[in-house]
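The values are calculated or read from the model by the stated rules, or taken from the named source; none is laboratory data. Keep in mind that what you see is a predicted model, and the values were worked out from it rather than measured. So basically every Cβ, Gly included, is an ideal-geometry build from the backbone, and we count neighbours across all protein chains shown.
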Amino acid sequence: MSNMDTQMGVRRFGQVNWLGLWTLTVREVMRFLNVWSQTVMAPLINAGLLLLIFTIAIGPGRGAVMGVPFTTFIAPGLMTMTVIQNAFANTSSSITSAKVNGHIVDTLMPPLSPIELTIGYVAGAVLRGLLVAIVIAIGVWVFLGIVPHNVFIVLLFSILGGAFMGALGLMAGIYAQKFDQLAAVSNFVVTPLAFLSGTFYSIEALPPLMQTLSHINPMFYMIDGVRYGMIGVSDSSPWLGLVVCLLACAAVLTIVWQMLKRGYRLKS
């Protein structure tokens with residue numbers, strides 16, 4: 001422990017600033033808890049409305065999908081889509097608002113390494129995603145009677161989805177110089193990938209080309225994994241999905257770490 005760390009009251013164990021990492025994570029959690037009506041209740045209402053609309057408009061005449069009712073099939077997809085969108089929003093809005101409002105120095109000045117910054121921000125995104133997932137899962141259980149087929153699988157893919165999208169949101173927030181650029185990333189990248197990932201349909205119904213494109217979309221495996229954990233059916237092997245999600249998370253986390261390490265669009 002250096003003298004400067006001692007004077008600043010930073011507790012380090014094994015070269016990790018645990019106190020700083022914990023503080024950053026708590027700050028990110030408090031950010032979304034302070035506006036829980038927007039960050040927790042709003043996603044629940046949006047997911048409920050989408051489920052209601054699809055049930056009324058399509059459900060009665062759609063029939064079974066992969067052996068389960070259409071409403072049961074899309075519920076896990078809606079839950080996962082809401083989780084990943086919230087994880088993306090948490091990190092992207094946090095870093096972009098810090099840059100736009102001019103207090104990014106509060107993030108760069110503390111004795112936190114790039115990997116600690118990455119973990120702290122992504123941990124906040126994962127926790128927001130898990131909270132949203134739990135709230136929606138309770139709603140699905142109450143109104144649709146869906147009991148998770150495998151809770152561990154649901155949690156695992158929700159965490160991986162939150163980590164992937166949290167890192168992607170951090171990447172977008174670092175790149176964006178203003179909220180318009182962030183909105184463009186969300187509208188033209190995140191939303192299409194989420195909607196074209198089997199949320200509302202089985203990819204078995206798609207033409208061969210679209211099936212191939214779906215299989216290179218990491219969000220497909222996240223949604224498919226949660227669907228398997230919730231209702232026991234999936235378009236692909238959960239083990240394959242786990243490998244793809246782990247590789248996708250490792251890739252985006254490495255990119256974000258390098259961006260923070262170089263101070264890309266943060267120190268200029």
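Tabulated results
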{"quantity": "Any hit, the stretch 173-182, residues being out of contact with any His (no Cβ under 7 Å at 6 or more places or on another chain), modelled with pLDDT under 90, of a type in the set (Phe, Trp, Tyr) and not in a loop (DSSP other than H, G, I, E, B)", "calculated": "yes"}
{"quantity": "Filtered residues of the stretch 86-120 (kept if closer than 20 Å to residue 162 by Cβ, surrounded by 18 or more Cβ atoms within 10 Å (Cβ to Cβ) and not polar (S, T, N, Q))", "calculated": "87, 88, 89, 95, 116, 117, 119, 120"}
{"quantity": "In the stretch 217-268, residue nearest to residue 134 (Cα to Cα) [restricted to those that are of a type in the set (S, T, N, Q), over 15 Å from the mean Cα position of the chain (by Cα) and buried (at least 17 other Cβ atoms within 10 Å of the Cβ)]", "calculated": "234"}
{"quantity": "Given (1) under 26 Å from residue 221 (Cβ atoms); (2) touching a strand residue (DSSP E or B) at 6+ places or on another chain (Cβ under 7 Å); (3) not charged (D, E, K, R), index of the condition residue 130 fails", "calculated": "(2)"}
{"quantity": "Residues of the stretch 184-216 satisfying the condition of being of a type in the set (A, V, I, L, M, F, W, C), closer than 14 Å to residue 77 by Cα and more than 19 Å from the chain's Cα centre (by Cα)", "calculated": "203"}
